[in-house]
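In what follows, a structure is listed as structure tokens, so that the remarks can point back to it.
The values are calculated or read from the model by the stated rules, or taken from the named source; none is laboratory data. Because the structure is a prediction, the values reported are computed rather than measured. We place every Cβ from the backbone using ideal geometry, glycine too, and count neighbours over all the protein chains shown.
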Amino acid sequence: MKPTAFNEVHKSLKAKMVPFAGYEMPIQYEGIMAEHQRVRTQAGLFDVSHMGEFWVTGKQSQEFVEYATTNDVASLNSGDVQYSTMCLENGGIVDDLLIYRFADRFMLVVNASNLEKDFNHLLEIAKDFDVELVNGSDGIALLALQGPESKNILDKLTAANLDKLDFYKFGIGEVAGLNMIISRTGYTGELGYELYHDPEESVELWAALMLAGEELGLGPIGLGARDTLRLEMKFCLYGNDIDETTTPLEARIGWAVNLEGNDFLGRNALIKQKQTGVTRFLIAFEMVDRGLPRNGYEIYSGDVKVGAVSSGGQSPTLKKGIGLAYIDKPHHKAGTELSIDIRGRRLAIKIVKPPFVENRTR
């Protein structure tokens, strides 16, 4: 397992460390429930340095990113961030990612578990374009500062005007005297920032943020709470909710697909799927009966299996089981009552309109 630049910090804080996407990562410090609530009410600091970053430069960098991803890349200005997906020719999702538009280049931020696969996928596409593709992941560390107090904490350490940094925008600035990318993004549904920086400066940055946030309730947050926070938002997790067997239209992230624009890999398949009709959708559901839904649990309408859970667990905010599942039409609509098989018991669930709790990212 590879360590991140914060590995010794996590161990000094007695974090429970686990293998994740090839890295040794903290799953929790004081406990998932407490950490979850800290981010919802105060602020939390996440080490997400395991994420991958690819640099794209060259004369056809925009054309390349347009063809490799599904969203409207041409609409991006320097300083914009865009959520998108990469697809196979058949429309299956290779990965979901963030696209950062600089004046002279792009940065693609991909999931750690897909890093090698994604880079090889992009290298194959790059053969047809005048571009240079570089895996810069080892030279970048990443911290996510999330929660309602995150701006107040970051304001103490930077001269950057955070009031002018809108959601899904980024800039270059100093935090605690250290130069970095300051991005108004996150994976929690709360106000927050992501800080891309030099790994050699990681320990210094962590210490400065924790000191600045001490009086505002800042604490370290592990992967466990990161998962429950994103689940309450219905943010997709690659490998569970989306993969190469699912399409963006089925996952209901069609807003990240620009079928009216330039050609991209998988566009024809997605147009065809839209024309013929999507037959299943990723939905959000709550437990009516008491129980914990987990990945793979089957869902029924009467005695007919109509889907299966992709992600599930206990919502620390709602104090009940919640989950995401792919459900066949016409059983996918909000308000529909179905049942889930949990260890041989059929328990009642209800499809709800996501997110499960208020999205306060903006």
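Counting only strands (runs of 3 or more DSSP E) wholly contained in the stretch 156-209, the ones carrying 3 or more residues that are farther than 28 Å from Pro354 by Cα and touching a helix residue (DSSP H, G or I) at 6+ places or on another chain (Cβ under 9 Å) occupy 178-183.
Of the residues making up the stretch 1-14, one or more are surrounded by fewer than 15 Cβ atoms within 10 Å (Cβ to Cβ) and part of a strand (DSSP E or B).
Regarding Val357, is this residue surrounded by 15 or more Cβ atoms within 10 Å (Cβ to Cβ), modelled with pLDDT of 95 or more and outside the structural domain of Thr246 (by TED's automatic domain parsing)?
Considered against the rule, which asks whether it is surrounded by 15 or more Cβ atoms within 10 Å (Cβ to Cβ), modelled with pLDDT of 95 or more and outside the structural domain of Thr246 (by TED's automatic domain parsing), Val357 comes out as yes.
May I ask you to verify whether Val203 is at pLDDT 95 or above, β-branched (Val, Ile, Thr), surrounded by fewer than 18 Cβ atoms within 10 Å (Cβ to Cβ) and more than 27 Å from Asp96 (Cα to Cα)? In short, yes. For the stretch 291-346, a residue qualifies if it is aliphatic (A, V, I, L, M), under 23 Å from Leu237 (Cβ atoms) and more than 25 Å from the chain's Cα centre (by Cα), and the qualifying residues are Ile299, Val306, Leu338, Ile340, Ile342.
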